[in-house]
Every structure is written in structure tokens, then in C-alpha cells.
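Below: one structure, written as C-alpha cells.
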Amino acid sequence: MRRVLALVATLSLAPASTAWASDVAFTVVTLKGKPVADAVVAAYPDGPRPGPIRFPWPAEMNQHNLQFDPFVLIVAAGADVSFPNRDAVRHHVYSFSPAKAFELKLYGRDDTRSVRFDKTGVVALGCNIHDGMVGFIKVVDTPYAAKTDASGQAVLRGLPGGAVQVRIWHPYLKAAGNEIAREVAVGSAAGRETVQIDVRAAPDRRGAY
């Protein structure tokens, strides 16, 4: 059966020291109103972007309860990501993705490995021992990126005003590269705007949607 996700971008133009900086809240839901978690929302405003890029979450992909945690991790290009094993069994992490092909051979509990991700794109992860383990790393080159939470919301803070290209990625979104791009107009004064974008997606491995 055909499924559709509705992406609702609510632009919350909160007061800021810079008149052209806004906090933009994106909410991703199905047409029935069910929130969609783990969608990556990344914005690319015109002009130079501030650097270096630092996100408030750790660049860490845990192996816990025979799963990758988090399911989707956002990191900046050039980041070193650690892969700690929190399970009582050994794991063999690998990826064949063009953005980063690598292999972390068998290692056990409380041990860790590290990999540098120097190219933007999507890195799909697997375990050579446990076929049910699936995870994704989204490598970006913008500081304006966030992942939707359990309520389907992601907030991009300090986004400059004007025309902004927004890219929405989800591992099960039915689009080229599992990603769509839209242009959003971010205002420069207090107020709210709503932009809705409909995309098709298949149920994920956990039966969501």
C-alpha cells in the first residue's frame, strides 16, 4: 500500500541578537498525523557557513542490545566517530557505502574502535555477525542539521534569513538517494510560517508508518 509522509516545517522566528537569525522547527508526520523519527533535516543558506562545525551530541555509534544506537547519527565531514561495543558478544562492524567503506574486525565488550568520516554522504552500517543490526551515519557539511525526535520534530537554530535550501533525508524515503530538496523562505521578523512538503516512504525495519 502506498504510504505518504507530510513534512511540516514550522518556522519559529525567535528573538535573537542577530536580526536575521531564526530558530526553525520542522515536524515530520504521516498524513494520519503519526510522527516520524530519525529523519535528517539539513539547511544550506546562501553565503558562507560558520565553521568549524560542532554538534551538541556525541560522535558515537554504540552497539547495544544487538542494535546500533542511535539508529541514525549526524556528523560533520572530517569527524572521528567512535564505535564502542556495549554488548556481551563480539561485533564485526562494516560498511560498503561510497561515502566511507570500512571494516572493524571482531572486538568485544567495552572495547571501542574509531573511524574518520571525511566525505559527505550516507554510510549504511552492518554487522558481519548479526544480520539484524542496521544503522546509518549521515555526514554533512553544514552546521544547520538536526534529526527528528520521537515527536517528529527537529529544530535548526540560528538559521540565517532569506532563501534557504532544505534537504530531508530518511533511510526509507522513496526518492533518489532517499533525499528530497526544497527551498524555504526564512523570515527576518517575529512570526510564524508553515511549509508543507509531501514525500513517499516505505515502512522501516521496525514497522513504523
Strands (runs of 3 or more DSSP E) completely within region 153-208 that count 3 or more residues being at pLDDT 60 or above: 153-160, 162-169, 179-186
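Return yes when G121 is exposed (fewer than 14 other Cβ atoms within 10 Å of the Cβ) and in contact (Cβ under 8 Å) with a residue 12 or more places away in the chain and no when it is not.
When the stated conditions are applied, G121 does not pass them.
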Entirely in region 30-128, the strands (runs of 3 or more DSSP E) that have 1 or more residues that are more than 24 Å from A146 (Cβ to Cβ), at pLDDT 95 or above and among the hydrophobic types (A, V, I, L, M, F, W, C): 91-97, 100-107, 121-127
Region 72-91 residues that are outside the structural domain of L125 (by TED's automatic domain parsing) and over 20 Å from G121 (Cβ atoms), paired with ones that are in a loop (DSSP other than H, G, I, E, B) and of a type outside the set (A, V, I, L, M) (beta carbon under 6 Å, 6 or more apart): none
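Just for region 151-169: of the residues that are within 13 Å of the chain's Cα centre (by Cα) and among the small types (G, A, S), which one is surrounded by the most Cβ atoms within 10 Å (Cβ to Cβ)?
A154
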Members of region 163-179 that are farther than 12 Å from A43 by Cα and touching a residue at least 12 places away in the same chain (Cβ under 8 Å): H170, P171, Y172, L173, K174, A175, G177, N178, E179
Residue match in region 139-146 (condition: surrounded by fewer than 19 Cβ atoms within 10 Å (Cβ to Cβ), touching a Gly at 6+ places or on another chain (Cβ under 6 Å) and at pLDDT 95 or above): no
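The values are calculated or read from the model by the stated rules, or taken from the named source; none is laboratory data. None of the values given here were measured: they were computed from a predicted structure. Cβ coordinates were reconstructed from backbone atoms using ideal geometry, including for glycine residues, and neighbour counts include every protein chain displayed.
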